[in-house]
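J.: Questions regarding the structure given below will be posed in turn.
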Amino acid sequence: EEKINECPDYKTAGPNSCYFDKKHTSFWTIYNITVKATNEMGSNVSDPHYVDVTYIVQPDPPVNITLELKKSIKRKPYLVLTWSPPPLADVRSGWLTLEYELRLKPEEGEEWETISVGQQTQCKMFSLNPGKRYIVQIHCKPDHHGLWSEWSPEMYVEIPTD
Amino acid sequence: EEKINECPDYKTAGPNSCYFDKKHTSFWTIYNITVKATNEMGSNVSDPHYVDVTYIVQPDPPVNITLELKKSIKRKPYLVLTWSPPPLADVRSGWLTLEYELRLKPEEGEEWETISVGQQTQCKMFSLNPGKRYIVQIHCKPDHHGLWSEWSPEMYVEIPTD
Amino acid sequence: LPICPNGSVNCQLSLEELFDRAVKLSHYIHFLSSEMFNEFDERYAQGRGFITKAVNSCHTASLTTPEDKEQAQQIHHEDLLNLILGVLRSWNDPLVHLASEVQRIKEAPETILWKAVEIEEQNKRLLEGMEKIVGRVQSGEAENDIYTPWDGLPSLQLADEDSRLFAFYNLLHCLRRDSHKIDNYLKVLKCRLIHDNNC
């Protein structure tokens, strides 16, 4: 039989909201959420909204991003990027596995070039235009389901011309 | 205890060969393979050859290779290459992660310049000699273990002189 | 790096290699299961309200599985391994029938048909690998009793289309959920046993 629970916290997320903390949500469970409105005339219930938290997890952006310019054996410049998972995302235990995507573009360019790097936390970028200043950002997502994080703050790097 | 199995198929791969299809190879196992030669004088067994199929995976070459000549803001020509993973390699699911290398050389030149581009499926080539005709090829390999694919068919591009 | 430095003495994959491959396989199986469910949902379930009935009706529901990180971390690794084995075994039979029954769905796209067969094959392969891992890690005899039977075949063959499609929807929904559990638990075990909880 269906157990109906009232919203545990109407305040934390501001007006007209309901906040479910970890104690009130578990993975692999489909929650049927309805909103009931009542006034002196009576009350009415919204259509049900079905949610499994597994599919709506959004991590924070990656942190500790480093950019390092290196030269290949044939003196060609390439960029080594490293980063760390967001601190709150517990990847250490294996319960959450993140995958990453980075994007870059010349500062005055329009089009971002997006590269998916799977679960790695470092990446080598080749084919960079000497003399150009590039903007680089990284974001992450749980490996199967959930939402991409926001992009990390913009970082800049200038490729030498010699 | 070690189970010894005879070669399942002496024909498919031609003379003096043994062909193991998917049903006869498990990737949880290291195989100890020996070849026994017999004639009227008696028989003899080769030294064991140990094989882990994950280490000998060779993908097909990349496909859908496109070459496009572009002009940078400072009117300098550069080349944009894009390609796709071989169709049989399931990279989308993360089952197989491929890394790529491309090589190019002026048509009449001797020496190939080889550039590793990690998991990217596109690459920009700067510092090309105007007026020169280049040959370009790409190959790929599973990211940890396995063998490089054959090189893709040769593609040609001429760098304009103006 | 030679594969068997000291010849055939103890010439086998390391526990780390076994776990690496098991995790890669479970990731792949869950990826396929998710895609198959989404494709089926998009094509056959829109507007039929199947989700309301699919709540907690999986044949593996009787297996007590960790529902959050703390529970997964408290459970002993041998128990979690045997639980994974139990869930995998419980899916052998339904996956055999899914692969054949899905061929009978009206205009079932090739991508669904191919995935049903591929998942069945890879599930067996993962089961083979898990038995090797358990053999390595387990002190005593591997427990064979964790298993839940599946009696859903008749519902996949119902004459009434709506009921039959709901049966498929529910099975695919459960496969997506259970394959995600297996993938998560294997990643937790790998981090615990191989990387000392420092993945």
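J.: Counting only other residues whose beta carbon sits under 11 Å from that of A:Glu158, what net charge do I get with K and R as +1, D and E as -1? Display every interim value, and only then the final one.
T.: Numbers: positive: A:Lys132, A:Arg133; negative: A:Glu107.
Net charge around A:Glu158: +1.
J.: Per-residue HN-Hα couplings for segment A:117-124, Karplus 6.51 cos²θ - 1.76 cosθ + 1.60 at θ = phi - 60°, whole Hz, x for Gly and Pro?
T.: 10, x, 8, 5, 10, 8, 7, 9
J.: State, as an integer percentage, the relative contact order of segment A:3-162 based on alpha-carbon contacts under 8 Å between residues 6 or more apart. Can you show the working numbers first?
T.: Working: 303 pairs, mean separation 31.2, N = 160.
Relative contact order of segment A:3-162: 20 percent.
J.: Same structure, new question: Only four residue types carry charge here, +1 at the Cβ of Lys and Arg and -1 at the Cβ of Asp and Glu. Report the dipole size of segment A:77-162 about the Cα centre in Debye, rounded to the nearest 20.
T.: On the way: 7 positive and 13 negative charges, 55 e Å.
Charge dipole of segment A:77-162: 260 debye, to the nearest 20.
J.: Please build a GNM for chain B, connecting alpha carbons under 10 Å apart, and tell me which residue among B:Asp52, B:Asp143, B:Asp21 fluctuates the most.
T.: Greatest mean-square fluctuation among the candidates belongs to B:Asp21.
J.: Could you pull out every one of the lysines with an alpha carbon less than 25 Å from that of A:Lys70, ignoring same-chain neighbours closer than 8 positions?
T.: Of all the lysines, those that pass the test against A:Lys70 - Cα under 25 Å, at least 8 places apart if same chain - are A:Lys105, A:Lys124, A:Lys132, B:Lys74, B:Lys76, B:Lys105, B:Lys124, B:Lys141.
J.: Would you tally the net charge around C:Arg136, using a Cβ to Cβ cut-off of less than 12 Å, leaving C:Arg136 out, and scoring K and R as +1, D and E as -1? Display every interim value, and only then the final one.
T.: Working: positive: C:Lys132; negative: C:Glu16, C:Glu17, C:Glu78, C:Glu131.
With Lys, Arg at +1 and Asp, Glu at -1, the net is -3.
J.: Still on this structure, please answer the following. Of the peptides C:77-83, B:145-151, how do they stack up when ordered by the mean number of other Cβ atoms within 10 Å, highest first?
T.: Values: C:77-83: 17.7, B:145-151: 15.9.
Highest mean packing first, the order is C:77-83, B:145-151.
J.: In nm, one decimal, shortest first: how far is the label point of A:Pro160 (7 Å from Cα along Cα to beta carbon) from the matching points in the other copies?
T.: So the label point of A:Pro160 gives 3.3 nm to the other copies.
J.: In addition: Sequence gap of 8 or more, or different chains, plus Cα separation below 28 Å: how many lysine pairs satisfy both in segment C:1-138?
T.: Eligible lysine pairs with Cα atoms under 28 Å apart amount to 14.
J.: Can you put C:His76, C:His173 in order of Cβ neighbours within 10 angstrom, beginning with the fewest?
T.: On the way: C:His76 8, C:His173 23.
Fewest-to-most Cβ neighbours within 10 Å comes out as C:His76, C:His173.
J.: Would you work out which of A:Trp28, B:Pro15, C:Ser139 lies farthest towards the positive end of the dipole of the protein assembly as shown, given +1 charges on the beta-carbon of Lys and Arg and -1 on that of Asp and Glu, about the Cα centre?
T.: B:Pro15
J.: Same structure, new question: Along Cα→Cβ, 7 Å out, is where each label goes; now give me the distance between the ones at B:Ser43 and B:Thr161 in nm to one decimal.
T.: The modelled label-to-label distance comes out at 7.1 nm.
J.: In nm, to one decimal, how far is the B:Lys36 label point from the C:Arg104 one, both placed 7 Å along Cα→Cβ?
T.: 4.8 nm
J.: Suppose you put the label 7 Å out from Cα in the Cβ direction; list, shortest first and in nm with one decimal, how far A:Glu113 is from each other copy's label.
T.: Output for A:Glu113: 1.5 nm, nearest copy listed first.
J.: Counting only residues 5 or more places away or on other chains, whose amide H sits under 5 Å from the amide H of A:Gly118 once H atoms are built in the peptide plane?
T.: Amide H neighbours of A:Gly118: A:Tyr100.
J.: Please give the Cα centre distance for segment A:1-32 versus segment A:43-63, rounded to the nearest Å.
T.: Going from one Cα centre to the other spans 10 Å.
J.: So for segment C:1-127, taking the charge dipole from beta-carbon charges (+1 Lys/Arg, -1 Asp/Glu), which of C:Gln71, C:Val9, C:Pro109 sits furthest toward the positive end?
T.: So the residue furthest toward the plus end is C:Pro109.
J.: While we're looking at this one, here's another question. Looking only at other chains, what is the average number of their beta-carbon atoms within 10 angstrom of each beta-carbon in B:121-132? Let's see the in-between values first.
T.: On the way: counts 2, 3, 2, 5, 2, 8, 3, 0, 0, 0, 0, 0.
For peptide B:121-132, the averaged partner shielding equals 2.
J.: If you don't mind, another one. Given the peptides B:34-43, A:128-137, arrange them by the average over their residues of other C-beta atoms within 10 Å, most packed first. Walk me through the numbers before you get to the answer.
T.: Working: B:34-43: 8.2, A:128-137: 17.5.
Put in order of decreasing packing, that is A:128-137, B:34-43.
J.: Among C:Pro154, C:Pro94, C:Pro66, whose mean-square fluctuation peaks in a Gaussian network model of chain C (Cα, cutoff 10 Å)?
T.: Answer for the Gaussian network model of chain C: C:Pro154.
J.: Just add up the charged neighbours of A:Lys105: K/R +1, D/E -1, any other residue whose Cβ is under 11 Å from the Cβ of A:Lys105.
T.: On the way: positive: A:Arg103, A:Lys132, A:Arg133; negative: A:Glu107, A:Glu108, A:Glu110, A:Glu111, A:Glu113, A:Glu154.
Once positives and negatives cancel, what remains is -3.
J.: Calculate the length of the line joining the C-alpha centroid of segment C:93-165 to that of segment A:83-129, in whole Å.
T.: Distance between centres, Cα-based: 35 Å.
J.: Shifting gears a bit: Pop the C-beta distance of B:Asn129 and A:Gln119 into the FRET formula with R0 = 30 Å and round what comes out to the nearest 0.05. Write out the running numbers ahead of the final one.
T.: On the way: r = 40 Å, r/R0 = 1.32.
My answer for the efficiency is 0.15.
J.: Same structure again: In whole Hz, with x marking every Gly and Pro, tabulate ³J(HN,Hα) for segment B:35-48 from phi via Karplus 6.51 cos²θ - 1.76 cosθ + 1.60, θ = phi - 60°.
T.: 10, 10, 10, 10, 9, 5, 7, x, 9, 9, 10, 6, 5, x
J.: Now, a different point. Taking the Cα centre of the protein assembly as shown as the origin, how large is its charge dipole in debye, to the nearest 20, when only Lys and Arg (+1) and Asp and Glu (-1) carry charge on their Cβ atoms? Provide the component values of the computation, followed by the final result.
T.: On the way: 55 positive and 77 negative charges, 279 e Å.
Roughly 1340 debye for the protein assembly as shown.
J.: Here is a further query. Which of these, B:Ile65, B:Ile33, B:Ile138, has the largest mean-square fluctuation under a Gaussian network model of chain B (Cα springs below 10 Å)?
T.: Looking only at B:Ile65, B:Ile33, B:Ile138, the largest GNM fluctuation is found for B:Ile33.
J.: Taking beta carbons within 10 Å but only from partner chains, what does the mean come to for residues A:52-64?
T.: Values: counts 5, 0, 5, 2, 0, 0, 0, 0, 0, 0, 0, 0, 0.
Other-chain Cβ atoms within 10 Å of each residue's Cβ, averaged: 1.
J.: Could you give the size of the charge dipole of segment A:1-144 about its Cα centre, using +1 on the Cβ of each K and R and -1 on the Cβ of each D and E, expressed in debye and rounded to the nearest 20?
T.: With only Lys, Arg, Asp and Glu charged at Cβ, the dipole is about 1200 debye.
J.: Can you list which of the DSSP-assigned H helices in chain C have a Cα extent of 24 Å or more along the long axis and an average Kyte-Doolittle score of at least 0.0?
T.: On the way: long enough: C:15-40 (37 Å, -0.03); C:77-101 (36 Å, 0.20); C:110-137 (40 Å, -0.35); C:161-193 (47 Å, -0.41).
Both cut-offs are met by C:77-101.
J.: With each label point set 7 Å from Cα along the Cα-Cβ vector, what nm distance links A:Lys23 and B:Tyr10?
T.: Modelled inter-label distance: 7.3 nm.
J.: Which whole number gives the average, over all residues in C:62-68, of C-beta atoms from other chains lying within 10 Å of the residue C-beta?
T.: Numbers: counts 0, 0, 0, 2, 3, 4, 7.
Mean number of neighbouring Cβ atoms from other chains: 2.
J.: Once phi is turned into ³J(HN,Hα) by the Karplus curve 6.51 cos²θ - 1.76 cosθ + 1.60 with θ = phi - 60°, what whole-Hz value does each residue of segment B:62-76 show in order, with x for glycine and proline?
T.: Once θ is set to phi - 60°, the couplings for segment B:62-76 become x, 10, 6, 7, 10, 10, 9, 8, 10, 10, 6, 4, 8, 6, 8 Hz.
Throughout, read-outs are computed from the coordinates displayed, never taken from laboratory work. Predicted, not measured: the structure shown is a model, and the values here were computed from it. When we count neighbours, we look across all protein chains shown, and the Cβ atoms used for this are built from the backbone with ideal geometry, even at glycine.
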